[in-house]
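J.: Got a structure for you, written out below as structure tokens; questions coming shortly.
The values are calculated or read from the model by the stated rules, or taken from the named source; none is laboratory data. All of these numbers come straight from a predicted model, not from anything done at the bench. Methodologically, a virtual Cβ is constructed for each residue, glycine included, from the backbone with ideal geometry; neighbour enumeration extends over all protein chains shown. Each accessible area value is taken on the protein alone, full model and side chains, heavy atoms only, with ligands, DNA and RNA left out. Shrake-Rupley method; radii C 1.70, N 1.55, O 1.52, S 1.80 Å.
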Amino acid sequence: QVQLVESGGGLVQAGDSLRLSCAASRRIFGVYKMGWFRRAPGKEREFVAAWRWNGDTTYYAESVKGRFIISGDNAKNTVYLQMNSLKPEDTTVYYCATAYSGSAYDPGSYAYWGQGTQVTVSS
């Protein structure tokens with residue numbers, strides 16, 4: 001079992017930045033990607049960004065491209081999501097997850113999920 005712990009959420013104003021962190025409880029051998037998703041109440045889980053452990057390949061949703069940056073630190077088993085130019089519509093709970101295979105954009109590809117961290121952007 002792998003535990004993922006997100007941190008870094010909070011309340012900010014529109015235009016501000018936040019950096020989310022996702023720490024894995026142990027080194028996850030064979031994990032293909034780490035991803036960030038978000039889900040607003042009453043809505044489907046939405047892909048935000050993903051990072052491939054080998055090669056530093058990144059994937060972004062169109063809604064965050066150019067504003068968010070995903071990166072990883074292998075030595076710390078940690079993935080980060082730098083969120084810049086935040087908008088009120090970015091307000092929701094953000095989750096990180098691990099994938100062993102499959103599409104980076106598909107939540108069904110991800111095996112383990114964190115508990116989420118709340119991001120609130122005021123206008």
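J.: Considering only 92, 78, 57, give the residue with the highest GNM mean-square fluctuation for the chain, with springs between Cα atoms whenever their separation is below 10 Å.
T.: 57
J.: When the dipole is taken about the Cα centre of the chain, and only Lys, Arg (+1) and Asp, Glu (-1) are charged at their Cβ, what size is it in debye, to the nearest 20? Working shown, then result.
T.: On the way: 13 positive and 10 negative charges, 47 e Å.
Charge dipole of the chain: 220 debye, to the nearest 20.
J.: Please state the relative contact order of the chain as a whole percent: Cα pairs under 8 Å, 6+ residues apart? Show your work: numbers first, answer last.
T.: Values: 306 pairs, mean separation 43.2, N = 123.
Once divided by the residue count of the chain, the mean separation gives 35 percent.
J.: If you don't mind, there's one more thing I want to ask. For the chain, modelled as a Gaussian network with Cα springs under 10 Å, which listed residue fluctuates most, 102, 66, 42?
T.: Looking only at 102, 66, 42, the largest GNM fluctuation is found for 42.
J.: Then there is this: What's the lysine pair count for the chain at a Cα cut-off below 19 Å, pairs eight or more apart or interchain?
T.: Details: 33/65; 33/76; 43/87; 65/87.
Lysine pair count for the chain: 4.
J.: Once you have the Cα-Cα distance between residue 16 and residue 69, take 0.36 nm times their residue separation minus that, and quote the gain in nm to one decimal. Present the calculation step by step, with values, prior to reporting the outcome.
T.: Values: separation 53, 0.36 × 53 = 19.08 nm, distance 1.43 nm.
Additional length available on full extension: 17.6 nm.
J.: Another question, then. Could you tell me the distance between the Cα centroids of segment 1-63 and segment 66-112, to the nearest Å?
T.: 2 Å
J.: The chain: Rg/Rh from Cα coordinates, Kirkwood Rh? Before the final figure, lay out the partial values.
T.: On the way: Rg = 13.3 Å, Rh = 14.2 Å.
On the Cα set of the chain, Rg over Rh gives 0.94.
J.: With the other protein chains left in place, how much accessible area per residue, in square angstrom, belongs to the chain at a 1.4 angstrom probe?
T.: Details: 6260 Å² over 123 residues.
Normalised by residue count, the accessible surface of the chain is 51 Å².
J.: If Lys and Arg each add +1 and Asp and Glu each add -1, what is the summed charge of the other residues whose beta carbon sits under 15 Å from the beta carbon of residue 59?
T.: Numbers: positive: 33, 38, 52, 65, 67; negative: 46, 56, 62, 106.
It works out to a net charge of +1.
J.: What shape does segment 36-80 have by the C-alpha gyration tensor, where a ≥ b ≥ c are the square roots of the eigenvalues, rounded means a/c under 1.5, and otherwise prolate means a/b greater than b/c and oblate the rest? Before the final figure, lay out each step's value.
T.: Numbers: a/c = 2.69, a/b = 1.77, b/c = 1.52.
Prolate is the answer for segment 36-80, as a/c is 1.5 or above and a/b outweighs b/c.
J.: I've got another one for you. Report the trypsin sites (Lys or Arg not before Pro) located in segment 30-113 that are in a DSSP loop and have at most 12 other Cβ atoms inside 10 Å of their Cβ, or state none. Can you show the working numbers first?
T.: On the way: sites: 33, 38, 39, 43, 45, 52, 65, 67, 76; in loops: 43, 45, 65, 67.
Sparse-neighbourhood loop trypsin sites (Lys or Arg not before Pro): 43, 65.
J.: What residue among 49, 104, 14 has the largest mean-square fluctuation in a Gaussian network model of the chain, using Cα springs under 10 Å?
T.: The residue with the greatest mean-square fluctuation here is 14.
J.: Rg (Å, one decimal) plus Dmax (Å, integer) for the alpha carbons of segment 51-123?
T.: Taking only Cα atoms of segment 51-123, I get Rg and Dmax of 12.9, 38 Å.
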